[in-house]
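Here is the structure we will look at, set down as structure tokens.
What follows is calculated from the coordinates using simple rules that are stated; it is not laboratory data. Bear in mind that the values here come from a model prediction, so they are computed numbers and not experimental data. Backbone-built Cβ (ideal geometry, glycine too); neighbour counts: all protein chains shown.
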Amino acid sequence: MAADGADVLMSTIENTDATEAKPEGLQEFTLRLRRYDPESGQAPYFEEFQIELEPHRSVLDGILQAKAKEDGSIGVRCSCRAAICGSCGTRINDKPGLACHTHLDEALKRSKDGKITIEPLGNMPVIKDLIVDMDAVHWKKQARVTPWLLPKEPLPEREHIVPRESMVDVTQSMACIQCGACVSDCLSMEIDPLFVGPAALAKAYRFVGDPRDSRHAERLSNLAEDPHGIYACTHCFKCIEACPKGVAPMSQIMRLRRIASQDHHINDRNNGERHEMAIVNSVKKYGTLNEAKMVPDSYGGPLAPAAAKELVASLPVITKALLRRKVTPKTALFHHKNPDQAQIKRIYQEVQGREQRLELNLYITQPDEDPAELAAHEAHVAEAAAHDAAEQAERAATNQTEAGA
Ligand code: SF4
Ligand code: SF4
Ligand code: FES
């Protein structure tokens, strides 16, 4: 995104007294800010600012110092300055993150030329300098996944009783602070701006994983059938690397896919489920991907009309692969088996032989609660469940009496 040949303006803090001693612990840093005001009609350019701060202070502190001392027109969005509100998402040395959560010394270590380059997030239009239009992309996509609970009816008189593990499971997606860092680096979104995207899909899992929600099937079917939905993710890991809160959006997308295909058996029109099964079966059989079988298996088998159409559409790619000898007619027809195939088959047997799919949420790493607290919580849950059951029985008895009268 850094424009090659962009104008580089240099401005420095004027030192009024060259002999003035530098306060202890302060270090000088050069910030290279991407400046852009769409209303000015001027092309984007980079401007450098010298700032002086303790090395452990944040990049955001540096930007705010430049704004306060040098140029009040620098556009930057921030609020909490403590990695909570998600407002200060920016790209620092070409990596998305929170400016308030990145130390100046760390940013300097990652810089290639001794200057800390700060740019606005990608995949979103720039409003001014480092401020992007979150409404135009990020919030629109959040709204797309109905980001609120659609509870089961009838509503309980008291609170919902939810298994503890279910809430632990959705904790990871609940940790999102809506900073947009994952959106900035999403490769699928770069080529398909309509892709629902990592942050919104992580939000979708927050409700699909919540047992209180009543629309799991509808939510999943909607996102599986959408050509820009769960199957449009290319599994590139960029959103996992970008997220400052460990939400791991790609993992949430993979969970949505697993639940859509294995629990709800949604055979989507994008062939997403078939394609996943083609990969799973190929690895099970050969230990590697048999590319020659991917298209027919993903499109309903070698005789399916959709497979023939896709094969014809893929001819330029196939020709290129043959010319570059990535595939030869022999390897295409006789795909070799991994010498350790028996081991791989054993892994499949182990995983597929389980009565229940095991989903590991690796987000919670702290030791579990105090056993006494846990016992008290379980007693409370049992008491609330008994109370609800009694209420339901009472309601049923009243309804029966009224019906009899
Ligand atoms: S893994 Fe998927 S959602 Fe995440 S950045 Fe890559 S394409 Fe986007
Ligand atoms: S998933 Fe992570 S990177 Fe994406 S918006 Fe939420 S907190 Fe930011
Ligand atoms: S200012 Fe709130 S997250 Fe950085």
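The table below lists the values:
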read-out	value
Length-normalised contact order of the stretch 86-162 in % [C-alpha pairs under 8 Å, at least 6 apart]	20 percent
Rounded to 5, percent antiparallel among DSSP beta bridges of the chain	75 percent
Dipole-positive endmost among LEU201, ASN290, GLN252 within the stretch 195-332 (Cβ charges, Cα centre)	ASN290
Mean residue ellipticity (222 nm) of the chain, computed from DSSP H runs ≥ 4 via -39,500 (n - 2.57), nearest 500	-12500 deg cm²/dmol
Cross-link reach list, lysines versus LYS69, counting only Cα pairs under 24 Å and skipping chain neighbours closer than eight places	LYS22, LYS115, LYS128
Hz values of 3J(HN,Hα) by residue in the stretch 281-290 - Karplus curve (6.51, -1.76, 1.60), Gly and Pro given as x	5, 5, 5, 5, 7, 10, x, 9, 7, 8
Among ILE51, ILE118, THR90 the positive-end extreme of the charge dipole of the stretch 36-181 (Cβ point charges)	THR90
Test item: Cα-centred dipole of the chain, Lys/Arg +1 and Asp/Glu -1 on Cβ, debye	2360 debye
The chain: most fluctuating residue of VAL168, VAL132, VAL247 per GNM, C-alpha cutoff 10 Å	VAL168
Packing-based exposure ordering (other Cβ within 10 Å, fewest first) of SER221, SER261	SER221, SER261
Packing-based exposure ordering (other Cβ within 10 Å, fewest first) of ILE259, ILE347, ILE116	ILE347, ILE259, ILE116
Taking the stretch 252-357 and dividing mean pair separation by its residue count, relative contact order in percent (alpha carbons under 8 Å, at least six apart)	24 percent
Amide H contacts under 5 Å for THR117, placed H, 5+ residues apart	ARG32, ASN93
Computed lengthening from ALA43 to ALA342, 0.36 nm per intervening residue step minus Cα-Cα distance	101.7 nm
Which of GLU47, GLU153, GLU218 has the fewest Cβ neighbours within 10 Å, and the rest in rising order	GLU153, GLU218, GLU47
HN-Hα J in Hz across the stretch 166-172 - Karplus 6.51, -1.76, 1.60, θ = phi - 60°, x for Gly and Pro	5, 6, 4, 4, 8, 4, 4
Within a Gaussian network of the chain (alpha carbon springs, distance under 10 Å), most fluctuating of ALA332, ALA342, ALA393	ALA393
Low-density loop cleavage sites - chymotrypsin sites (Phe, Trp or Tyr not before Pro) in the stretch 287-391, where at most 11 other Cβ are within 10 Å (DSSP)	PHE334
Relative contact order computed over the stretch 171-314 (Cα-Cα under 8 Å; 6+ residues apart), in percent	22 percent
Rounded Å value of the spacing that divides the Cα centres of the stretch 292-325 and the stretch 195-260	28 Å
For peptides 304-317, 50-63, sequence by mean Cβ density within 10 Å, most packed first	50-63, 304-317
Translational diffusion of the chain, µm² s⁻¹ [Kirkwood Rh, Cα pairs; Stokes-Einstein; 10 °C; 1.306 mPa s]	62 µm²/s
Leading residue at positive end of dipole, the stretch 152-232 (Cβ point charges), from PRO227, VAL162, ILE177	VAL162
Whichever lysines have a C-alpha closer than 18 Å to that of LYS245, once near sequence neighbours (fewer than 8 apart) are set aside	LYS95, LYS203
Cα-Cα over 26 Å, subset of LYS238/LYS337; LYS141/LYS320; LYS112/LYS140; LYS109/LYS238; LYS141/LYS293; LYS112/LYS326	LYS238/LYS337; LYS141/LYS320; LYS112/LYS140; LYS141/LYS293; LYS112/LYS326
GNM result for the chain, Cα springs below 10 Å: residue of HIS216, HIS275, HIS336 fluctuating most strongly	HIS336
Integer Hz, Karplus 6.51/-1.76/1.60 couplings in order for the stretch 124-138, x for Gly and Pro	9, x, 8, 8, 6, 6, 9, 9, 9, 7, 5, 5, 5, 10, 4
